[in-house]
């Protein structure tokens, strides 16, 4: 099948989070199964500058917010590894400094509604054009709100192309005003609760739900959770209405990029059966040296993620003073996000310079070192559609400590008398978010860390977890071939 992936970011071209990793690894897994997969992204300045050679394969006009944009669809041809990449080149919308979604001050670009509406319309038009006689998609797989209007535009064009829309995080929904709806020259009848109107504005993620042939989320548990008021962000009614058009397919990880046997970022390489304990010690010493934490005999805990409430970073900060008072543990934090969390973390680092290291921003190398060098990994998310870092931690034999939610519940098996006895435990888990319960769970994990035989069993089980894309890619294959009718 010919499958076009449409997304707003993808590693290694441009990445702000886990979405970029998934859009790198999922197409590769499908291609390995024999599918003909291509990827289309916005032509951000950073991506365009990395293209040494590109071919124009289509050019057309697309209506925007009161103006018409000349769009060029480029295909990268500079090397075999990137010739599946297409770019939607609209300089007025994407040729700018900064993050794909926010400016240098961290505020959303004021024209985001236009940027991703025009991108979506361009992708839909490209999909239906005979611009490349030898390649037209059978399926367009759309990801998150930035692509939510693609199924809607294809429906408007009466296209026979099947669409799959994947929700990676429902809390980011692409919600905009009626004024912006009017400016974007969208069909008037779409302004209806039946279509994309939502609580007085319009929602791009709702458009994907309503018009796609099938809707997926990135874990089975999250698919069930978002049909409830607690996790549904007001979309639970829409999602329940989808019925069998909604399913959850767990993300995998790239087993080559995240591979302790070959990882060039870490000091010592290892496998589940070779050099694991001594390499873990070497990697811990290397990480301690980089972070200037010197208590090498103490447990070392890691956190990598966006510094937002969803990820539970406030819970981590809330428990740190008591954790440091009641244990010898040290903590390494890597991430960026809301300024208040960044500032409070840095203040905690000044207060506990020998126990806490904070790196504001992102470092691919440091991320790998944390996964390989820490003794355990903190991921107390309030909700987690899938999560990747807990799977990276499992891959590296670093037991994760998580809340029982979303993809965390689908990948981590918490320590209990039963799971220890049958050797299925690969991490630690708690139920409700809270500073005290996180602290108690962490202290319990430290008690097991002090029991080397049991701890090594947990680490070994973690490394044996099934984390790749193969089974999930096969589920998507079946989904692409299933004849499911789109909505209106």
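No value in this document is a laboratory result; all are computed from the given coordinates. Since this is a predicted model, take the numbers as computed values, not measurements. Cβ: placed from backbone, ideal geometry, glycine included. Neighbour counts: every protein chain shown.
Quick one: if the Förster radius is 56 Å, what FRET efficiency do residue 135 and residue 295 give, using the C-beta to C-beta distance and rounding to 0.05?
Efficiency computed from Cβ-Cβ geometry: 0.45.
With label points built 7 Å along Cα→Cβ from the Cα atoms of residue 68 and residue 423, find their separation and express it in nm.
6.9 nm
Relative contact order of the stretch 276-463, please, whole-number percent, based on alpha carbon pairs below 8 angstrom and at least 6 residues apart.
On the way: 338 pairs, mean separation 40.3, N = 188.
After rounding, I find 21 percent.
Run the numbers for residue 365 and residue 49: contour at 0.36 nm per residue of separation, minus the present Cα-Cα distance, in nm. Don't skip to the end; give the middle numbers.
Details: separation 316, 0.36 × 316 = 113.76 nm, distance 2.31 nm.
Stretched out fully, the residue 365 to residue 49 stretch lengthens by 111.4 nm.
Please give the length that would be gained between residue 286 and residue 197 if that part of the chain were fully extended, namely 0.36 nm times their separation in residues minus their C-alpha to C-alpha distance (nm, one decimal).
Between residue 286 and residue 197, full extension yields 26.7 nm more.
When the helices in the chain are scored as -39500 (n - 2.57) per DSSP H run of 4 or longer and the sum is shared across all residues, what 222 nm value do you end up with, to the nearest 500 deg cm²/dmol? It would help to have the intermediate numbers written out before the result.
Values: 19 runs with 187 residues, N = 488.
Dividing the helical sum by the residues of the chain leaves -11000 deg cm²/dmol.
For the residue pair residue 271 and residue 189, what label-to-label distance in nm results when each label sits 7 Å from Cα along the Cα-to-beta-carbon direction?
In this crude label model, residue 271 to residue 189 measures out at 6.0 nm.
Label residue 471 and residue 354 with points 7 Å out from Cα along Cα→Cβ: what is the distance between them in nm?
Taking the two extended label points, one gets 4.6 nm.
Could you state the angle between the C-alpha long axis of helix 470-481 and the longest principal axis of the C-alpha atoms of the chain, as a value from 0 to 90 degrees rounded to the nearest 10?
20 degrees
Working from Cα positions, state the angle (0 to 90°, nearest 10) between the long axis of helix 435-449 and the longest principal axis of the chain.
Helix 435-449 and the main axis of the chain meet at about 60 degrees.
At a Förster radius of 51 Å, what calculated FRET efficiency corresponds to the Cβ-Cβ distance of residue 436 and residue 179, to the nearest 0.05? Working shown, then result.
Details: r = 46 Å, r/R0 = 0.90.
Rounded to the nearest 0.05, the efficiency is 0.65.
So how tilted is helix 313-326 from the main axis of the chain? Cα-based, degrees 0 to 90, rounded to 10.
0 degrees
How high is the FRET efficiency between residue 59 and residue 107 when r is their beta carbon distance and R₀ equals 35 Å, given to the nearest 0.05? Working shown, then result.
On the way: r = 32 Å, r/R0 = 0.92.
With R0 = 35 Å, the Cβ-Cβ based efficiency is 0.60.
Using the 10 angstrom Cβ neighbour count as an exposure proxy, how do 166, 444 rank, fewest first? Intermediate values should be presented prior to the final figure.
Details: 166 26, 444 14.
Fewest-to-most ranking of 166, 444: 444, 166.
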